[in-house]
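Structure first, then comments.
Computed from the coordinates by the stated procedures, all read-outs in this text should not be read as laboratory data. A quick note: this is a predicted structure, and the numbers were derived from the prediction, not measured. Note that each Cβ is placed from the backbone with ideal geometry, even for glycine, and that neighbours are counted across all protein chains shown.
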Amino acid sequence: MLSKGSIFLLIFMKLRLALLNQDLAYRFDISEGLVSRYIISTWPIILSVLVGQVANMRVLCLHLSNASCVFVSTVFCPNG
């Protein structure tokens, strides 16, 4: 069993570095099956966080005419 911090590191190494489960298993000294289990069990949580952040993004536009706008910036609005 890994600590929560180690699971966090494992998941983000998988996402950022695209490491194979076999490589992660070797690095964390666990079985490939356990790597798969950690990834499968935390995937819904990660997706819900990412989708929640995307839903809270707001695009600010400067309206120049009836139908056109210029992209100014994208900001994160934590309160929705």
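Ranked from highest to lowest mean number of other Cβ atoms within 10 Å per residue, what is the order of the peptides 1-12, 28-39? If you can, show how the numbers build up before the last one.
Working: 1-12: 13.0, 28-39: 15.2.
Peptide ranking by packing, descending: 28-39, 1-12.
The label-point distance for Ser48 and Leu20, in a model that sets each label 7 Å from Cα toward Cβ, rounds to 3.3 nm.
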